[in-house]
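The values are calculated or read from the model by the stated rules, or taken from the named source; none is laboratory data. Since the structure is predicted, the reported quantities are computational estimates derived from the model, not experimental observations. Note: ideal-geometry Cβ built from the backbone for every residue, glycine included; neighbour counts use all protein chains shown. Heavy atoms of the whole protein, side chains included, go into the accessibility calculation; ligands, DNA and RNA do not. Shrake-Rupley method; radii C 1.70, N 1.55, O 1.52, S 1.80 Å.
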Amino acid sequence: MSTAAHPYALRLKKQRIAGKIVDVISFLCPRLQRKEPNEPRRIGVMAQWGIGDAVLLLPLLRGLRQAFPAAMIELIGKPWLAELLAGEGCCDRTHLLVPPWTAYFGKYPAAPRIWGNYWAQLRALRRHHFDWLVSPRFDSR
């Protein structure tokens, strides 16, 4: 069997041809320039875990406040965040979002009511637009 007739060689040839076609199309159709704000107006910061994690967010929140003094910095998480960080001057607003897996007890076999509350909180939060959404503690769930 010759190399030119090999299925892998044919696939590579087709990929090269397709790549050249896409290069020509992208050259002829320049990308539209989106106008993005120079500075964010609303920054959401996810703070869904415990009090210790919320306190450890203070340097980040102070840095955001210093870097973007005109931006609204809004925390997303537990209901006690506003009270905990009230005197710090680094948070303008809080939004409630308590995932079931952050509970102290009964987090894994969570009741359907708890999941229903979580989905309602998510729907309410989706009504808000954030220019940036920061999650310092990544959680793949």
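Can you tell me which of Lys35, Lys20 is at pLDDT 80 or above and either surrounded by fewer than 10 Cβ atoms within 10 Å (Cβ to Cβ) or farther than 30 Å from Trp101 by Cα (or both)?
Values: Lys35 fails: at pLDDT 80 or above.
Sole residue among the options that is at pLDDT 80 or above and either surrounded by fewer than 10 Cβ atoms within 10 Å (Cβ to Cβ) or farther than 30 Å from Trp101 by Cα (or both): Lys20.
The requirement of being open to solvent by 20 Å² or more (accessible area, probe 1.4 Å) and acidic (Asp, Glu) is not satisfied by Glu74. Just one of (1) assigned to a helix (DSSP H, G or I); (2) modelled with pLDDT of 85 or more; (3) open to solvent by less than 40 Å² (accessible area, probe 1.4 Å); (4) not aromatic (Phe, Trp, Tyr) fails for Ala82. It is (3).
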